[in-house]
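Single-structure report; data block below.
The values are calculated or read from the model by the stated rules, or taken from the named source; none is laboratory data. As the structure is a computational prediction, the values presented were derived from the model and not from experiment. When we count neighbours, we look across all protein chains shown, and the Cβ atoms used for this are built from the backbone with ideal geometry, even at glycine.
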Amino acid sequence: MNDMATKTSLTSRVISQAESFDGIRAGIIPLNDVLQGPSYQVDTKGPINPDGFDDVQIDNWAAEAQTVLVLGLYHSEEDLRLDYWERGDTWGNRRLREISELLKQWLRDELDVSAYPLPYYVEKGGLFLKDAAVLSGLGIIGKNNLLLHPAWGPRIRLRSILMAGDFEPTASLHGFAPCETCDVFCQKACPVKAFPDGKYSRPNCRQQIDDDWEDQVLEGEIGETGKRNWVVKFCRACEFSCPVGA
Ligand code: B12
């Protein structure tokens, strides 16, 4: 096989393996392309949740790992719990971390490829995941400032893995522009008016998420103490009002 064909078949093997997990869609994109994405042009130093995600800090990425595998997990409205924060993580992110570990092992055992699952927070060594997702063809950025997947709309959560090896990137999406003809239900649905002039306002949205943290409810699993765990239910108004994938 020539070089190009090898790269393409490597990519399709990895994508089909990733997508063999229930509710997963995947894309592949060079790390450099992600690092040149629009989110990296913005100053985003923000507070990170101090007791959140037991992701370890990654100070230096492995130099040979120049390709990003982007994972998207469907967060159906039928399974609200996936987005609930309980015992230090959301159920969806926990699932994504589990799948990342399984893929890492598979990449090593089947393809002899080294893989490095990345943390969630950019401050801990993660990537801006929406940029990575758009560039690898998982969707587009909608007027709610979220990644819209063609079938699931914004009801998807992301995570990434760095890989060593030579992969053909997956193509970005063309001809998918649902917001162009939409009545921006997302922006109208926002309880804190986080789109004052049609553009996403991070401070406004942040206020809502901070309030969600304050409003924890005892609706989790029965914990060690015999009582239910505290749960944070994050606002999803701009997500659930989106007609794409509803
Ligand atoms: C910090 C953070 C927050 C902060 C600040 C958010 C912000 N956007 O600034 C707060 C706490 C407020 C927040 C809120 C929410 N978040 Co948040 N958040 C993050 C985090 C950790 C980093 C995001 C960030 O700082 N981006 C940088 C800023 C500058 O980007 P931005 O304002 O979003 O806009 C950029 C993109 O839109 C991009 N872009 C626009 N067009 C195009 C086109 C192309 C071609 C490309 C490449 C890029 C691109 O450029 C813009 C900058 O110029 C990510 C996880 C991660 N590691 O990426 C999750 C993440 C973005 N959040 C997510 C979610 C779901 C939410 C909430 C719905 C709450 C919830 N239920 O979880 C709300 C919704 C906010 C909204 N409508 O955008 C999901 C989004 C999934 C999706 N479908 O898009 C992510 C990816 C986490 C995950 N679990 O998957 N979040």
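Of the numbered criteria (1) in a loop (DSSP other than H, G, I, E, B); (2) aromatic (Phe, Trp, Tyr); (3) closer than 30 Å to Ser12 by Cβ, the one Tyr116 fails is (1). Within the stretch 210-232, the set of residues being out of contact with any helix residue (DSSP H, G or I) (no Cβ under 7 Å at 6 or more places or on another chain) and outside any loop (DSSP other than H, G, I, E, B) comprises Asp210, Asp211, Asp212, Trp213, Glu214, Val217, Ile222, Arg228, Val231. In this structure, Lys233 qualifies as of a type outside the set (A, V, I, L, M) and near the ligand (Cβ under 9 Å from one of its atoms).
Consider Ile161 carefully, then state whether it is near the ligand (Cβ under 10 Å from one of its atoms), touching a strand residue (DSSP E or B) at 6+ places or on another chain (Cβ under 9 Å) and at pLDDT 95 or above. Walk me through it before giving the result.
Numbers: near the ligand (Cβ under 10 Å from one of its atoms): no; touching a strand residue (DSSP E or B) at 6+ places or on another chain (Cβ under 9 Å): yes; at pLDDT 95 or above: yes.
Taking the combined requirement at face value, the residue does not satisfy it.
Among the residues making up the stretch 84-96, a single one is surrounded by fewer than 19 Cβ atoms within 10 Å (Cβ to Cβ) and under 13 Å from the mean Cα position of the chain (by Cα): Arg94. Of the residues making up the stretch 76-94, not a single one is under 29 Å from Pro150 (Cβ atoms), away from the ligand (no atom under 15 Å from the Cβ) and touching a residue at least 60 places away in the same chain (Cβ under 8 Å). Filtering the stretch 110-158 to residues that are of a type in the set (Phe, Trp, Tyr), within 6 Å of the ligand (Cβ to nearest atom) and closer than 30 Å to Cys182 by Cβ leaves Tyr120, Phe128.
With respect to (1) touching a Gly at 6+ places or on another chain (Cβ under 7 Å); (2) more than 13 Å from the ligand (Cβ to nearest atom); (3) of a type in the set (S, T, N, Q), the lone exception for Gln105 is condition (1).
Within the stretch 111-123, residues that are surrounded by fewer than 17 Cβ atoms within 10 Å (Cβ to Cβ) have Cβ atoms under 6 Å from residues that are modelled with pLDDT under 95 in these pairs: Tyr121/Ile48; Glu123/Ile48, counting only partners at least 6 apart in sequence or on another chain. Filtered by the rule that a residue be within 16 Å of Val42 (Cα to Cα) and outside any loop (DSSP other than H, G, I, E, B), the stretch 190-209 gives Arg202, Pro203. Of all residues in the stretch 144-157, exactly one satisfies the criterion of being touching a helix residue (DSSP H, G or I) at 6+ places or on another chain (Cβ under 6 Å) and either more than 22 Å from Arg95 (Cβ to Cβ) or surrounded by fewer than 20 Cβ atoms within 10 Å (Cβ to Cβ) (or both), namely Asn144.
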